[in-house]
Amino acid sequence: MINYGEIEEKWQKAWAEARLFESDINGNKPFMVTAAFPYPNAPQHIGHLRTYGTADALARYKRMLGYNVLYPMAFHATGTPILAFAKRIKNNDKDLVHELGDLFHVPSQDIAKMTDPLFIANYFITELERGMRYAGYSIDWRRKFVSIEPRFSKFVEWQFGILNKKGYLKKGKHPVGWCTNENNAVGMHDTKKDVEPEIGKVIVIRFRVESLGAYALCATFRPETIHGVTNVFINRKARYVICRLGNDESLYSSSVALSIISSL
């Protein structure tokens, strides 16, 4: 019976001793292979194997063509997902604790330490690298870095400086998912179960209220039905105010709604 584990171990050891994947400047034509950095807030899965296996196949193919190939690896620890992960552990989220312990076999003593975001990042970075080495990827591990390291932050600042200088960056407004609990913008990877935040477009229509000398602001998701409006509902428990605008117009709406409008 063929022992594939022994074969893998033998040749991976030989590759490491020969330093086959360590790329330095030489006379060959250079070629760099990279892929999106993995986010270290969970163990790796089959999707990682597909992503980095594809990059590895390209790196090996280019080496066979005589290129001096650089295949580095990095880990994307920036952002809120790890912070949210740490908060869930701190709050003893039973679903997450069960997932880590029973499904991913993370030791309980390590789960207890995952109230620290940096511990989470380092734990899964180690796990991801170990898996990549087992997979036999032809990565130059001397070129490893993490996105929260100061040198990478400076690199990103430099990139944005160049793009801004060339006029490729534009400032503007666009809708974002917002977490009222954390008071920050969120994307799909910031949410539990990686759910894309739903962004609804609300249209505000003004109705002239002659007795008040102001426009009442009414929100709707279906502005095309405005011609069929027969009545308007208000919240009897809300506090309504009149807001004077600089153009001599007055708006009549709830204080909460006006505070949101004034912040835009």
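The values are calculated or read from the model by the stated rules, or taken from the named source; none is laboratory data. Everything numeric here is computed off the predicted structure, so don't read it as measured data. Neighbour counts run over all protein chains shown; Cβ positions are idealised from the backbone, glycine included.
Odds and ends about this structure:
- Some residue of the stretch 202-211 being under 30 Å from Glu99 (Cα atoms), surrounded by 13 or more Cβ atoms within 10 Å (Cβ to Cβ) and of a type outside the set (Val, Ile, Thr): no
- Pairs are defined by a Cβ separation below 9 Å, a sequence spacing of at least 6 or placement on different chains, a first member in the stretch 1-16 that is on the phi > 0 side of the Ramachandran plot and in the same structural domain as Tyr137 (by TED's automatic domain parsing), and a second member that is surrounded by fewer than 11 Cβ atoms within 10 Å (Cβ to Cβ) and part of a helix (DSSP H, G or I); no pair meets this definition.
- Flag if Lys62 is assigned to a helix (DSSP H, G or I) and either among the hydroxyl-bearing types (Ser, Thr, Tyr) or more than 20 Å from Lys192 (Cα to Cα) (or both): yes
- Neighbours by Cβ (under 9 Å, 6+ apart or cross-chain): first from the stretch 39-62, on the phi > 0 side of the Ramachandran plot; second of a type in the set (Val, Ile, Thr) and crowded, with 16+ Cβ neighbours inside 10 Å: none
- For the stretch 28-46, the criterion of being closer than 30 Å to Lys192 by Cα and in a helix (DSSP H, G or I) is met by at least one residue.
- Test: residue in the stretch 213-235 that is surrounded by 10 or more Cβ atoms within 10 Å (Cβ to Cβ) and either in contact (Cβ under 8 Å) with a residue 40 or more places away in the chain or closer than 30 Å to Pro38 by Cβ (or both): yes
- The stretch 127-153, residues that are assigned to a helix (DSSP H, G or I) and touching a helix residue (DSSP H, G or I) at 6+ places or on another chain (Cβ under 9 Å): Leu128, Glu129, Gly131, Met132, Arg133, Tyr134, Ala135, Trp141
- Only residues that are among the hydroxyl-bearing types (Ser, Thr, Tyr) and either farther than 30 Å from Pro117 by Cβ or over 26 Å from the mean Cα position of the chain (by Cα) (or both) were counted in the stretch 16-53, giving 1.
- Every residue from the stretch 94-128 that is among the aliphatic types (A, V, I, L, M) and surrounded by fewer than 16 Cβ atoms within 10 Å (Cβ to Cβ): Leu103, Ala112, Leu118
- From the list Asn91, Asn26, Asn68, the one residue that fits, being touching a strand residue (DSSP E or B) at 6+ places or on another chain (Cβ under 8 Å), of a type in the set (S, T, N, Q), surrounded by fewer than 13 Cβ atoms within 10 Å (Cβ to Cβ) and assigned by TED's automatic domain parsing to the domain that holds Ile148, is Asn26.
- Selection within the stretch 210-228 - in a strand (DSSP E or B) and within 18 Å of Cys243 (Cβ to Cβ): Ala214, Tyr215, Ala216, Leu217, Cys218, Ala219
- Filtered by the rule that a residue be in a helix (DSSP H, G or I), closer than 22 Å to Leu83 by Cβ and without any contact (Cβ under 8 Å) to a residue 40 or more places away in the chain, the stretch 158-191 gives a lone residue, Met188.
- The set of residues in the stretch 11-23 that are among the charged types (D, E, K, R) and surrounded by 11 or more Cβ atoms within 10 Å (Cβ to Cβ) comprises Arg19, Glu22.
- First in the stretch 79-100 and at pLDDT 90 or above, second anywhere and exposed (fewer than 15 other Cβ atoms within 10 Å of the Cβ) and not small (Gly, Ala, Ser), Cβ under 6 Å, 6 or more apart: none
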